[in-house]
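Below is one structure, written out as structure tokens, with a few remarks after it.
The values are calculated or read from the model by the stated rules, or taken from the named source; none is laboratory data. The structure presented is a predicted model; accordingly, all values stated were derived computationally and were not measured. So basically every Cβ, Gly included, is an ideal-geometry build from the backbone, and we count neighbours across all protein chains shown.
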Amino acid sequence: MRPRSSSLFAAFCALALAACSDSGPTDPTIEPVGKPRSFPSHNVIRAALQQVLTEQNGGLGFEMWASIVDRDGVVVDVVFSGVNRDDQWPGSRVISAQKANTANAFSLDGLALSTANLFAAVQPGGSLFGLQESNPVDPAIAYGGKPVDYGTTKDPMIGHKIGGVNVFGGGLALYTSSGNLIGAIGVSGDTSCTDHIIGWKLRHALNLDNVPAGVADGGADDNIIFIDGTLDGFEHPTCFDLPGNGNHVDIATNLPTTDPIGPGE
């Protein structure tokens, strides 16, 4: 078994205090904290995203954006699944990067929090109320450059800190097969529940899901927890599905079985 956090409560307290088209390059390597941090190539990420979208993921069945940031919050890559950049919601490009930034910013070596885990805590009266107003997106980075480059290896967000906090599903921290936290991935373009499902499956496909612990599934992982009664922890609302796309609640609940976290090959 992989090691689990010995003090989930202490880790979360620390978190609460901190809060109160397109060609592929060679694999980029970022070295922000004294050791190399390697990520899959643009083409590998895009192909994996496209493959995940062939599966039942609930929701609307739309095309998606995906962004990756390193541990310092620097954007490493931005991809889209469709043929052209306007096959996905244009607004979801920045949201995907914002989700990646959030999951990275509020995950630790011993505890992963997905953006889906933050919804309940930021509601009025919640322990992290106001978190979503902190760390705003840098508009010059988010909307600069040439739109024709969006989602390519020349996306103007790459190499810069996007910032932003997002508190619904689609952002998940990235852990290597040896358990190192190297950043996070964010996906956007469908319902927030389906965004989480696709993000989880994409992280699994990239073999970056060696999650040490979380607030879901008995403390095992960072899966989405659907609201069942009152908001008193890390819950997230249910969404909706178009016919033929599967039931997102069932799909998400079964993710630890269908796409299990682990050290990989």
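Tell me, yes or no, whether segment 245-260 has at least one residue that is surrounded by fewer than 18 Cβ atoms within 10 Å (Cβ to Cβ) and on the phi > 0 side of the Ramachandran plot. Within segment 245-260 (the criterion being surrounded by fewer than 18 Cβ atoms within 10 Å (Cβ to Cβ) and on the phi > 0 side of the Ramachandran plot), the answer is no, since none of the residues qualifies.
Go through segment 161-204 and give me each residue that's under 17 Å from residue 71 (Cβ atoms) and in a strand (DSSP E or B). Once the filter is applied, which keeps residues that are under 17 Å from residue 71 (Cβ atoms) and in a strand (DSSP E or B), segment 161-204 yields 161, 171, 172, 173, 174, 175, 181, 182, 183, 184, 185, 186. For segment 58-74, the set of residues classified as on the phi < 0 side of the Ramachandran plot, outside any strand (DSSP E or B) and buried (at least 24 other Cβ atoms within 10 Å of the Cβ) consists of 64 only. Scanning segment 113-133 for residues that are modelled with pLDDT under 80 and closer than 14 Å to residue 236 by Cα returns a single hit, 126. I'm checking my understanding of the structure. Among residues of segment 206-226 that are small (Gly, Ala, Ser) and closer than 15 Å to residue 252 by Cβ, which one is farthest from the chain's Cα centre (by Cα)? Result: 220.
Only residues that are out of contact with any strand residue (DSSP E or B) (no Cβ under 8 Å at 6 or more places or on another chain) and under 18 Å from residue 92 (Cα atoms) were counted across segment 48-57, and they come to 4. Scanning segment 227-263 for residues that are assigned to a loop (DSSP other than H, G, I, E, B) and either among the hydroxyl-bearing types (Ser, Thr, Tyr) or under 19 Å from the mean Cα position of the chain (by Cα) (or both) returns 230, 234, 237, 238, 239, 254, 259, 260, 261, 262, 263.
Evaluate segment 122-134: report whether one residue or more is assigned to a helix (DSSP H, G or I), within 24 Å of residue 52 (Cβ to Cβ) and not polar (S, T, N, Q). Give the derivation first.
We begin by selecting, within segment 122-134, every residue assigned to a helix (DSSP H, G or I); these are 122, 131-133.
Restricting the remaining residues to those that are within 24 Å of residue 52 (Cβ to Cβ) gives none.
Within segment 122-134, not a single residue is assigned to a helix (DSSP H, G or I), within 24 Å of residue 52 (Cβ to Cβ) and not polar (S, T, N, Q).
In segment 22-44, is there at least one residue being at pLDDT below 50, assigned to a loop (DSSP other than H, G, I, E, B) and among the hydroxyl-bearing types (Ser, Thr, Tyr)? Yes, some residue in segment 22-44 is at pLDDT below 50, assigned to a loop (DSSP other than H, G, I, E, B) and among the hydroxyl-bearing types (Ser, Thr, Tyr). Could you say whether any residue in segment 161-171 is surrounded by fewer than 24 Cβ atoms within 10 Å (Cβ to Cβ), more than 15 Å from the chain's Cα centre (by Cα) and farther than 26 Å from residue 85 by Cβ? There is no residue in segment 161-171 that is surrounded by fewer than 24 Cβ atoms within 10 Å (Cβ to Cβ), more than 15 Å from the chain's Cα centre (by Cα) and farther than 26 Å from residue 85 by Cβ. Scanning segment 135-156 for residues that are more than 18 Å from the chain's Cα centre (by Cα) and part of a helix (DSSP H, G or I) returns 139, 140, 141, 143, 147, 148, 149. Based on what the data block shows, is residue 187 in contact with a strand residue (DSSP E or B) (Cβ under 9 Å, 6 or more places away or on another chain) and buried (at least 24 other Cβ atoms within 10 Å of the Cβ)? Answer is yes for this residue. Among the residues of segment 136-148, just one is farther than 16 Å from residue 186 by Cα and surrounded by 18 or more Cβ atoms within 10 Å (Cβ to Cβ), namely 141.
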